[in-house]
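The values are calculated or read from the model by the stated rules, or taken from the named source; none is laboratory data. Since we're looking at a predicted model, the values are computed, not measured. Note that we place each Cβ from the backbone using ideal geometry, even for glycine, and neighbour counts take in every protein chain shown.
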Amino acid sequence: METPVFNCKNADDVLKAVHDYNVSFLQFWFVDILGNLKSFQVTPSELEGAFEEGMGFDGSSILGFTRIEESDMVAFPDPTTFQLVAWRPSERPVARMFCYVKNPDGTPFAGDPRFVLKRVLEKAAAKGYTMYVGPELEFFLFASPNEPRILDVGGYFDAPPLDLGNDIRRDIIFSLSRMGIPVEYSHHEVAPSQHEIDLRYQEALRMADTAITYKVVIKETARKHGCYATFMPKPLFGQNGSGMHTHQSLFKNGKNAFFDPAEKFNLSRDCKAYIAGMLRHAKEFCAITNPIVNSYKRLVPGYEAPVYVAWANRNRSALIRVPMYKPGKEAATRIELRSPDPTCNPYLAFAVMLGAGLKGIEEGYELSTPVEENIFKMSDAEMVERGIASLPGSLSDALDHFGSSDLMKDVLGEHMHAAYLEAKRAEWDEYRTHVTDWELARYLPTT
């Protein structure tokens with residue numbers, strides 16, 4: 001039986017679907033501050049009560065949530081996210097819903113990443129804006145999770161037999177389609193065993209939910225094919241890493257607020273100020289969009305990774321690219337932030353991108369001149385002359401910028417900002433004090 005795609009509006013719609021399709025369990029999904037998926041299952045008999053009163057859980061066991069003395073949290077399912085999961089048997093299907101996490105008194109929990117994004121989106125909505133996002137999440141397929149042993153030696157857009165992941169990508173797309181997630185296209189990426197499946201743009205909150213679902217579907221499908229999928233940004237030395245280039249636009253009154261035929265490059269004043277905001281605050285949000293130690297092994301010159309804080313119309317060495325305008329396609333006017341990687345928490349990543357862009361609009365930031373030359377080939381002196389800065393070179397550097405950013409505190413809230421900073425400082429300290437194989441091979445024989 002073909003898996004249906006639901007469009008539930010409220011709790012009654014969900015209860016009817018659960019009954020009609022004989023759903024056996026419902027998975028309640030939410031993420032911790034780092035974007036790790038958390039889930040628990042409830043039976044259909046508990047569902048009506050869950051919509052009314054939520055389901056309690058111990059928040060002190062979730063990273064970045066609460067302390068042990070104030071641990072009670074309540075998860076409220078969002079009925080609009082109801083969908084049958086594609087990787088479970090169809091005869092007794094399992095469904096999932098994303099949740100908002102609340103305090104016992106019913107107020108939103110400040111450490112819930114989904115609430116953080118919702119709050120920033122509501123701020124934009126108060127100004128008339130709706131944010132649409134289209135991320136490109138790249139990933140690798142390896143023989144096992146224990147070592148980066150490649151499955152093929154294909155390159156960009158290669159076809160079989162060089163591309164040996166074609167069948168896996170096909171099954172991933174079928175599963176995404178069964179969960180109501182539209183896919184534009186898929187292909188082999190530049191590095192061996194690296195792949196990309198592009199999702200059709202959606203409203204930002206729904207896209208963040210989709211990004212989490214996308215990762216689960218890819219990992220489950222790879223496992224069924226006897227291999228392992230990873231979103232690690234730089235698993236192979238000397239090869240291109242995996243990014244999450246993020247296309248984004250704002251709509252106002254049903255029209256693309258980034259398009260203006262009377263302005264240079266067909267970009268509206270709002271769009272230019274939005275880009276300027278992202279450029280000015282890029283170092284501050286880098287710890288969110290590029291959140292792990294390994295992220296900064298990708299953000300180095302020479303592997304198509306955007307490390308330079310500049311914008312351009314076509315130049316892919318710049319941090320922000322404006323895809324070419326096509327006459328009659330005004331609604332497709334958008335910008336592409338090329339620095340994020342797929343290990344980021346999409347709720348927080350979209351929140352800080354939007355927060356930086358809105359800051360540019362609110363303050364009327366002036367946009368710099370586009371840089372169409374290959375920045376990778378510029379000397380340090382040329383970059384200084386052009387005013388081109390670089391993104392942080394390590395997680396530690398990124399956390400310094402993040403920690404001192406008033407904008408990030410405002411966008412994320414004091415609780416989320418402090419909890420994230422604490423967790424990532426601990427991660428950096430663990431890495432900083434670890435003795436690596438490289439150090440042993442380099443220094444043990446010569447010291």
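If you check HIS245 against the conditions, is it in contact with a strand residue (DSSP E or B) (Cβ under 6 Å, 6 or more places away or on another chain), assigned by TED's automatic domain parsing to the domain that holds TYR132 and at pLDDT 95 or above?
Yes; evaluated as a whole, the condition is true for this residue.
The rows are residues; the columns are (1) crowded, with 20+ Cβ neighbours inside 10 Å; (2) in contact with a Ser or Thr (Cβ under 7 Å, 6 or more places away or on another chain); (3) at pLDDT below 90.
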site: LEU63; (1), (2), (3): no, no, yes
site: ASP72; (1), (2), (3): no, no, yes
site: THR80; (1), (2), (3): no, no, no
site: ARG88; (1), (2), (3): no, no, yes
site: PHE98; (1), (2), (3): yes, yes, no
site: ASN103; (1), (2), (3): no, no, no
site: PRO108; (1), (2), (3): no, no, no
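In this structure, is SER90 over 24 Å from ARG200 (Cβ atoms), outside the structural domain of PHE28 (by TED's automatic domain parsing) and either without any contact (Cβ under 8 Å) to a residue 40 or more places away in the chain or of a type outside the set (Phe, Trp, Tyr) (or both)?
No; evaluated as a whole, the condition is false for this residue.
Out of region 159-205, which residues are of a type in the set (Asp, Glu), within 21 Å of TYR228 (Cα to Cα) and part of a strand (DSSP E or B)?
Answer for region 159-205, where residues must be of a type in the set (Asp, Glu), within 21 Å of TYR228 (Cα to Cα) and part of a strand (DSSP E or B): GLU196, ASP198.
Yes/no per residue for (1) of a type outside the set (A, V, I, L, M); (2) over 22 Å from ILE288 (Cα atoms); (3) in the same structural domain as ALA282 (by TED's automatic domain parsing); (4) part of a helix (DSSP H, G or I):
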site	(1), (2), (3), (4)
ALA349	no, no, yes, yes
LEU354	no, no, yes, yes
GLU366	yes, yes, yes, no
GLU373	yes, yes, yes, no
PHE376	yes, yes, yes, yes
VAL384	no, yes, yes, yes
LEU399	no, no, yes, yes
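So which residues in region 159-178 are buried (at least 21 other Cβ atoms within 10 Å of the Cβ) and of a type in the set (Ser, Thr, Tyr)?
SER175
When region 308-323 is examined, which residues are found to be in a loop (DSSP other than H, G, I, E, B) and without any contact (Cβ under 8 Å) to a residue 24 or more places away in the chain?
ARG316
I need the full set of residues from region 232-274 which are in a loop (DSSP other than H, G, I, E, B), in contact (Cβ under 8 Å) with a residue 40 or more places away in the chain, closer than 25 Å to VAL352 by Cα and of a type in the set (S, T, N, Q), in order please.
Across region 232-274, the qualifying residues are SER242, ASN253.
Going by what's in this entry, would MET179 be described as among the aliphatic types (A, V, I, L, M), within 15 Å of the chain's Cα centre (by Cα) and closer than 25 Å to ALA95 by Cβ?
Answer is no for this residue.
Scan region 324-336 for residues that are surrounded by 14 or more Cβ atoms within 10 Å (Cβ to Cβ) and part of a loop (DSSP other than H, G, I, E, B) and report the count.
Of the residues in region 324-336, 3 are surrounded by 14 or more Cβ atoms within 10 Å (Cβ to Cβ) and part of a loop (DSSP other than H, G, I, E, B).
Condition (residue is closer than 19 Å to ARG96 by Cα, surrounded by fewer than 23 Cβ atoms within 10 Å (Cβ to Cβ) and free of Cβ contacts under 8 Å to residues at least 40 places away in the same chain) applied to region 218-229: is it met by at least one residue?
Yes, that holds for at least one residue.
What pairs come up if the first residue lies in region 205-217 and is under 11 Å from PRO346 (Cα atoms), the second is assigned to a helix (DSSP H, G or I) and of a type in the set (Phe, Trp, Tyr), and their beta carbons are under 7 Å apart, counting only those six or more places apart or on different chains?
ALA208/TYR347; ALA208/PHE350
Answer with yes or no whether ALA419 is surrounded by 15 or more Cβ atoms within 10 Å (Cβ to Cβ), among the aliphatic types (A, V, I, L, M), in contact with a Gly (Cβ under 9 Å, 6 or more places away or on another chain) and outside any loop (DSSP other than H, G, I, E, B).
Against the criterion (surrounded by 15 or more Cβ atoms within 10 Å (Cβ to Cβ), among the aliphatic types (A, V, I, L, M), in contact with a Gly (Cβ under 9 Å, 6 or more places away or on another chain) and outside any loop (DSSP other than H, G, I, E, B)), ALA419 qualifies.
Answer with yes or no whether LEU121 is touching a strand residue (DSSP E or B) at 6+ places or on another chain (Cβ under 7 Å) and hydrophobic (A, V, I, L, M, F, W, C).
Yes, satisfied.
With touching a residue at least 24 places away in the same chain (Cβ under 8 Å), more than 30 Å from LEU205 (Cα to Cα) and surrounded by fewer than 17 Cβ atoms within 10 Å (Cβ to Cβ) as the only criterion, which of TYR431, TYR443 stands out?
TYR431
Hey, among the residues in region 21-63 that are in contact (Cβ under 8 Å) with a residue 60 or more places away in the chain and polar (S, T, N, Q), which one's farthest from ARG88 (Cα to Cα)?
Across region 21-63, the extreme among qualifying residues is ASN22.
Do the conditions hold for ARG114, that is, is it crowded, with 19+ Cβ neighbours inside 10 Å, basic (Lys, Arg) and outside any strand (DSSP E or B)?
Yes, satisfied.
So in region 264-298, with the set limited to residues that are crowded, with 24+ Cβ neighbours inside 10 Å and of a type in the set (Ser, Thr, Tyr), which one is farthest from the chain's Cα centre (by Cα)?
TYR274
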